[in-house]
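To keep things clear, I will list the structure first and then write my remarks on it.
Computed from the coordinates by the stated procedures, all read-outs in this text should not be read as laboratory data. Predicted model, so just to flag it, every value in this text is computed and none were measured. In this analysis, Cβ positions are derived from the backbone assuming ideal geometry, glycine residues included, and neighbour counts consider all displayed protein chains.
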Amino acid sequence: MKTTIFLRIAAGLTFVHAVLHTIGGVFGRVAPGPAAVAELAMKTNQFPLMGHTRSFWHFYRGLGLAVTVSLTAEAIAFWQLALLARVDAQRLRPILLTFFVAYLALAVNSSVYFFLPPEIVEIFIAACLGLAIVSAKTVTARPGTAH
């Protein structure tokens, strides 16, 4: 049961991360000054690429939205894994370990290239996944109950 709770918390945190990333990171407004100048340069310097005209702004916006999609998919996957954990959480350990390591790497990436709030959320998500791994056990069915 603990594994399920930890995975649901991870799902909730990951969904909040996706929403805040989208609001602040993808669709957030930049302050006047150097940031606005950089944004304008990203938008106005366009170049041909594989039959399309693109700018670094297209890449920035597109990759930001890709992160939103990935975080949302991960939140849904964590919720679904929580349901599976009710039956045999131990078998989920390799999958959870993959996400655990990935979220630790994301926290380091956020520390190096971004700022503290996403790093903190990613550490909390990794902690929930780590606790889910540690608490994962095989559930034995009680007589007369179905999975």
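What's the FRET efficiency of Val134 with Leu63 using the Cβ-Cβ distance as r and R₀ = 35 Å, to the nearest 0.05? Write down the numbers at each step before the final one.
Details: r = 34 Å, r/R0 = 0.96.
According to the calculation, E is roughly 0.55.
Near Leu92, within a Cβ-to-Cβ distance under 15 Å, what is the net charge of the other residues, with Lys and Arg +1 and Asp and Glu -1?
Values: positive: Lys2, Arg8, Arg86, Arg91, Arg93, Lys137; negative: Glu74, Asp88.
Here the charged neighbours net out to +4.
Using only helices, what value at 222 nm comes out for the chain when you add -39,500 (n - 2.57) per DSSP H run of length 4 or more and divide by the total residues, to the nearest 500 deg cm²/dmol? It would help to have the intermediate numbers written out before the result.
Working: 5 runs with 104 residues, N = 147.
About -24500 deg cm²/dmol.
Tell me the relative contact order for the chain as a rounded percent, counting alpha carbon contacts under 8 Å between residues six or more apart. Show your work: numbers first, answer last.
Working: 161 pairs, mean separation 54.4, N = 147.
Answer for the chain is 37 percent.
Using a Gaussian network model of the chain with C-alpha springs under 10 Å, which one of Pro94, Pro32, Pro118 is most mobile by mean-square fluctuation?
Top of the fluctuation ranking is Pro32.
GNM on the chain, C-alpha springs below 10 Å: top fluctuator among Thr68, Thr14, Thr44?
Thr44
For Rg/Rh (Cα atoms, Kirkwood Rh), one of (1) 1.14; (2) 1.04; (3) 1.22 was computed from the structure I shared and the rest are decoys. Which label?
(1)
Compute the FRET efficiency between Ile23 and Thr53 as 1/(1 + (r/R0)^6), taking r as their Cβ-Cβ distance and R0 = 35 Å, and round to the nearest 0.05. Don't skip to the end; give the middle numbers.
Working: r = 28 Å, r/R0 = 0.81.
With R0 = 35 Å, the Cβ-Cβ based efficiency is 0.80.
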